[in-house]
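Chemist: Have a look at the structure that comes next, please.
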Amino acid sequence: MDFVKKSMLIGVGLATLTREKVEQTINELIEKGEMSEKEGKEAVDDLMKKSKEITKGLTEKVEKTVTDTLKKLNIPTRKEFAELKEKIKRMEKSQKSKE
């Protein structure tokens, strides 16, 4: 799980770096007169929107892969573990009341 968290943080860092690089490239095109400032702003916004969509999709795929892997390895999720702990507590209470 730690690996997944680190990977996602790296992805966020790359997204930030990418925005800076995109803005730099667009500004160079504007300075050369190949693009207006309005077109440049729209291009940056459009590219960043698409980047967020791709990042969201990737995050969902990673989460699904982790969940599927945990199931295949027969490792309980945090929720399942909490449910089991609660069930054990109820069983212990029931057993103590019978004694």
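Only the coordinates and a few stated rules stand behind these numbers; no lab work does. From a predicted model like this one, the values you see are computed outputs, not experimental measurements. Please note: Cβ atoms are built from the backbone with ideal geometry, for glycine as well, and neighbour counts cover all protein chains shown.
Chemist: What number comes out for the charge environment of residue 85, summing +1 per Lys or Arg and -1 per Asp or Glu over other residues with Cβ under 14 Å away?
Modeler: On the way: positive: 78, 79, 87, 89, 90, 93; negative: 80, 83, 86, 92.
Its environment carries a net charge of +2.
Chemist: Based on the alpha-carbon gyration tensor of region 11-99 and its eigenvalue square roots a ≥ b ≥ c, which shape applies: rounded if a/c is under 1.5, prolate if not and a/b is larger than b/c, or oblate? Spell out each step's value before the answer.
Modeler: Numbers: a/c = 6.28, a/b = 4.48, b/c = 1.40.
In terms of gyration-tensor shape, prolate.
Chemist: For region 42-58, what does the Karplus curve 6.51 cos²θ - 1.76 cosθ + 1.60, with θ = phi - 60°, yield as ³J(HN,Hα) per residue in whole Hz, taken in order and with x for Gly and Pro?
Modeler: 4, 5, 4, 4, 5, 5, 6, 4, 5, 4, 5, 5, 5, 4, 4, x, 5
Chemist: From the phi of every residue in region 81-96, what ³J(HN,Hα) in whole Hz does the Karplus formula 6.51 cos²θ - 1.76 cosθ + 1.60 yield, where θ is phi - 60° and glycine or proline is x?
Modeler: Running phi through 6.51 cos²θ - 1.76 cosθ + 1.60 with θ = phi - 60° gives 5, 4, 4, 5, 4, 5, 4, 4, 4, 5, 5, 5, 4, 4, 5, 5 Hz.
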